[in-house]
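Shown next, in C-alpha cells, is the structure this report addresses.
The values are calculated or read from the model by the stated rules, or taken from the named source; none is laboratory data. Owing to the predicted nature of the structure, the values given are computational and were not obtained by experimental measurement. Note: ideal-geometry Cβ built from the backbone for every residue, glycine included; neighbour counts use all protein chains shown.
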C-alpha cells in the first residue's frame, strides 16, 4: 500500500503546436496541453503534479525528475524524432523496473518510448474531419472504467482506426466508434517488466478534448492504476542451486 | 475507492476431513481449515472476517451472507457434489455482477463454482508423497506478489502437476516446482463478468500449509486484489439508436 | 497434419423461425439457415458437410454424429432452453478433449453450450433496426482473416453492442461498427481444454447475411482454424514421482 | 494455404563458440549448431533449408536472403552486440509485415531482435551445473506440442529460471522444471504485427541438446506454426470517411 504518500505525476508535452500562433491548438490550449492536464490532475487530493516539455534541457526529464515521478503522461505529435534516445532509455528503464507507470496519449502512439515498449510499428488509420467519437466501456469492472457510464461521446475528434499495429493489449478497456465508419481500440493496458502502461486515444490538439469530464476521469483513473505499488525487484543473473544436485 | 469501509471476507470450508478423528487433518486443523484462514485474515486492520461451512443450512451462504461478502474464499475436497446448485448459482451471479471476488484454494479446483466459471474440466495430475514445493514469482509487479521474495518453499505439499485443464489465466502470478519432477501454474488470475477470481494451489489438508507466513501473505494480497472496487453495472438488452438512422 | 482426410463439419440449426410461415426468416431461408451454410461449406474441396436440427431425435447430435464431426457450427435463438442438457454435455466433452471445434453464430451467444464454455452470462445490447454494420479486421495475420480486405460491410444486420459479457477472448479478430452508434467484438477466438471455439456475431435470421461472400469466407476460415489437428490427450490423475524423493 | 510451396527456413547461428577449439562447443557441434539444426529440418519434406552466420557479409542476412525466408531461427550468445542494427531493422520489418516468422533459441533471449520485439530487458536467472531439465506441455492442443508426450527430459542443460522479464506470452506452450529447483517459461508464443515469434529455451552450446528428438520435434513444429500463411497487408494512413459525415 502506498499509504500516505501522494502519487507524483509528471505531465509531459511536446508543446510545439500550441506555441505556433497560426496553429488552431494555440487557441484551444494557449498555455499548452500539459497545463490543462496538469490542472485537472492537481484537483485530486492524492496527486502531486508537475509538468515537463520537449524544449527544456533534457526535455525536462532529468534523472532527478524521473526519480521523483510515479506516473509519466506523454503527449507528442510533430517532433517524436527530436526526443533524445538517452532520455528514452532512462524512461524505459524506470518503467520496466516498476518504479514508474506511463500514460501514452493520442498521437503519442508514434513516440519512441511507446514503439520501444510495444516492439511493433504502432501504425494506424487516421482522418481529421470534425467527426463524433463514442467510446464504449468493454470492461466495466476495470479500475480505469470507474465512474464511467457504459459509453461517452466526444463531439469532435480526429479519427483513429484499426488495424492498430500493437501487440494484443493485456486488457482492452475502451473501444472507439467513429461517425465516419471506423472502430479503434482506444483504451489499452499493457505490462512491460514490472511497469504498467495505458494507451488512451482521445486528444487531438485542435479540439478541446482534455477539457471534457469523462476524458479527465479516464486519465485520473489510469494514473491511479499505473502508479507503482511496491513491487519487489526481480532477482536476475547467476544462481546457486536451490536443491542438492 | 472503497474508502473507509473494510473488506468483508467470508472464509468457506467443506469442514469434513477435520471432523473425522481418524483423519490426519483433524490433528493439523482441529478447528477446521477455515478457523486458521479466518484468524490470519482477521489480523489485517482493513478486513472483516466471518466463516461458513458445508453442513450449515444453505452451506452458511444465504443470500444475506453473500450480500455482505466482498471476497469469498473456498476450500473443498471430498464433498463437491454435496454443494447445492442453487447456492452455486447465487455465488456465480454475485461474482459476475462484480459484487464479490473469489479465491479458490487447492482442491477447490474441482468445485462446482470453479468449474462453472472456467468452462473446462479443471483436471490435473496429483500425488501425495510428502514432497517439497517451491513457488516462483512470475509477475513480481502484480499486487498478489507484494512482499514476497522471488520464491518461497513449502516443506511438504501434495503435488499438483500440469497439464492443468483451465483456460489460459488472464495473469499467471506464481509457478510451482515440485521435488518429484512436476511444475504447476499455482497462482492464476481470472476475470469473469465484472468479478475477479484467483486460484491458489497450496493447501493440502494433511500439512500445515495455511500456517506458513508466505502462504498467508498471498491470500491476504489476493483478497485485496479480488475485492470489488466500485464497478458500474453494465447495461444490457434492447437499445435505442445513439445516432439517427 | 490432417493429411488426406477431409474436415467433417456438422451444421446445426434450431430451425424454428424458418418453418413459421409468418416469420420473415421463412422467406429469407426457406430451407433453413443450415441449408445455406451447409451449401457454401460443401463447395470447399476439403470439407465434408452434414446438417442437424433441434427437432430431430437427440437434436440430430447423437454420439455417433458427434464422433464423426470435426467442427460443429451452432445457430439458435428462440429455443435455447429446449436443448437437452445431456446433449450439451456430450458436445462439451468432445470440445474440451480436442476432438471437435465449435463455431457459435450470432444469437448462439445465449446457447447453453456457449455459456457453459464461457462461464459468464454472455449478455449484450441489441436492436433490430435495419442498420448497416461494418466489420473491421483487428488481426490481419490471423488465419480467420485470410482473404479479407481491411473491412467489409453488411448492409442490414441486427445491432449487437458492448458490453458483451464474455471472458476476454484469446484473440480478438474482428470488431463490428454499427450505424446506430455501437461497437461489438464480433469475431472472438477462445480455447477451452484442447478445443477451439470461434464466436462470430453476424447472422440475424431476417436478413440474408449468410448469403454474403465475406461472411462465408470467415466461416470457411474459422472451420479450418477450429478443426482439431492431432493433439495428444493430456494425462491426468495420480502419478508416480519422476525424480527419486 | 501455402499449397505446394515449401517452407523456406534460414538457420542463423553466431558460430563463434564452435570455432574456438578450446571451447566445449567445438566438440559437441564441430560444424556449428546451425549445421545440426539445418540437417534435421532438411529431413522434413515440406522444408527448404539454408544457413547463415554472424561473420558472413551482412551476417548472411542480405535483403535477398530474407526475402526468400519464411522462418528465421536464431542462436546467439557471446556476440549479440556485433549484430548490425541495420540487419536487425531489416529482420524486424519482415516479421511485423507478416512475411517471416522467427524462432529464438536459448541464449537468443538477449539478442537485439528479441529485445526489440519484446520491449523489455529479457533478463533471467541462469546456472551451468550439468543438471536435468524436464519440459512439461502446458497446452497439449497447440500445434507446437504436436507429437509430444506430456513431458520430456533433457539430461543436461543450463538452468534458466524465473523471473524471465518478457511480456506475458500470447500462448505459454511449455514449462521447464530444473533439478536445482527452478522453473522457466520455456516455450512461449508471441505475435508482433502480422508475424509470429516462438521463444524456445533449450540449447546450451556445451550439451548435445539439438541432437535430441523431442527438441527437434518442437523446432519442426514451431517452424510450421511460425510460417506466414497469406496475411493481407494492413492498410494504414490517411483515410476517406466510409460514411457520409
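Tabulated results
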read-out: Residue in the range A:200-212 that is in a strand (DSSP E or B), farther than 20 Å from residue A:38 by Cβ and touching a helix residue (DSSP H, G or I) at 6+ places or on another chain (Cβ under 8 Å) present; value: no
read-out: Residue D:141 being part of a loop (DSSP other than H, G, I, E, B), in contact with a strand residue (DSSP E or B) (Cβ under 9 Å, 6 or more places away or on another chain), within 11 Å of chain C (Cβ to nearest Cβ) and more than 18 Å from residue D:77 (Cβ to Cβ); value: yes
read-out: Positions within the range B:55-66 being surrounded by fewer than 20 Cβ atoms within 10 Å (Cβ to Cβ) and in a loop (DSSP other than H, G, I, E, B), in sequence order; value: B:55, B:56, B:62
read-out: Check on residue D:101, crowded, with 21+ Cβ neighbours inside 10 Å and at positive phi; value: no
read-out: Pick from the range A:156-168, criterion in a strand (DSSP E or B) and within 12 Å of chain D (Cβ to nearest Cβ), ranking: farthest from residue B:150 (Cα to Cα); value: A:156
read-out: Every residue from the range A:75-91 that is outside any loop (DSSP other than H, G, I, E, B) and buried (at least 22 other Cβ atoms within 10 Å of the Cβ); value: A:75, A:91
read-out: Which listed residue is at the interface with chain B (Cβ under 9 Å from one of its Cβ atoms), part of a strand (DSSP E or B), at pLDDT 95 or above and surrounded by fewer than 24 Cβ atoms within 10 Å (Cβ to Cβ), from C:131, C:153; value: C:131
read-out: Single match in B:161, B:180, B:176 (criterion: over 21 Å from residue B:108 (Cα atoms) and modelled with pLDDT of 95 or more); value: B:180
read-out: Members of the range B:169-187 that are in a loop (DSSP other than H, G, I, E, B) and either over 20 Å from residue C:116 (Cβ atoms) or more than 9 Å from chain C (Cβ to nearest Cβ) (or both); value: B:169, B:179, B:180, B:181, B:182
read-out: Boolean, residue D:87 is in contact with a helix residue (DSSP H, G or I) (Cβ under 9 Å, 6 or more places away or on another chain) and under 30 Å from residue C:195 (Cβ atoms); value: no
read-out: Residue match in the range C:65-83 (condition: more than 14 Å from chain D (Cβ to nearest Cβ), out of contact with any helix residue (DSSP H, G or I) (no Cβ under 6 Å at 6 or more places or on another chain), closer than 26 Å to residue A:183 by Cβ and without any contact (Cβ under 8 Å) to a residue 40 or more places away in the chain); value: no
read-out: Criterion (under 18 Å from the mean Cα position of the chain (by Cα) and farther than 27 Å from residue B:66 by Cβ) met by exactly one of B:178, B:190, B:164, B:198; value: B:164
read-out: Which listed residue is modelled with pLDDT of 95 or more and closer than 22 Å to residue A:168 by Cβ, from C:171, C:78; value: C:171
read-out: Residue A:190 being under 24 Å from residue C:170 (Cβ atoms), buried (at least 21 other Cβ atoms within 10 Å of the Cβ), at pLDDT 95 or above and facing chain D (nearest Cβ under 10 Å); value: yes
read-out: Subset of the range B:225-245 that is touching a residue at least 60 places away in the same chain (Cβ under 8 Å) and buried (at least 19 other Cβ atoms within 10 Å of the Cβ) - its residue that is nearest to the other protein chains (Cβ to nearest Cβ); value: B:231
read-out: Matching residues in the range B:112-123 - criterion: being buried (at least 24 other Cβ atoms within 10 Å of the Cβ) and under 20 Å from residue D:175 (Cβ atoms); value: B:118
read-out: Residue in the range B:114-123 that is at positive phi, free of Cβ contacts under 8 Å to residues at least 60 places away in the same chain, in a loop (DSSP other than H, G, I, E, B) and in contact with a helix residue (DSSP H, G or I) (Cβ under 6 Å, 6 or more places away or on another chain) present; value: yes
read-out: Residue tally, condition within 9 Å of chain C (Cβ to nearest Cβ) and more than 18 Å from residue C:166 (Cβ to Cβ), over the range B:109-121; value: 1
read-out: Lone unmet requirement of (1) surrounded by 24 or more Cβ atoms within 10 Å (Cβ to Cβ); (2) farther than 30 Å from residue A:158 by Cα; (3) within 12 Å of chain A (Cβ to nearest Cβ) for residue D:198; value: (3)
read-out: Given (1) surrounded by 21 or more Cβ atoms within 10 Å (Cβ to Cβ); (2) in a strand (DSSP E or B); (3) within 17 Å of the chain's Cα centre (by Cα), index of the condition residue A:37 fails; value: (2)
read-out: The range A:92-108, subset in contact (Cβ under 8 Å) with a residue 12 or more places away in the chain and assigned to a helix (DSSP H, G or I), residue nearest to the other protein chains (Cβ to nearest Cβ); value: A:96
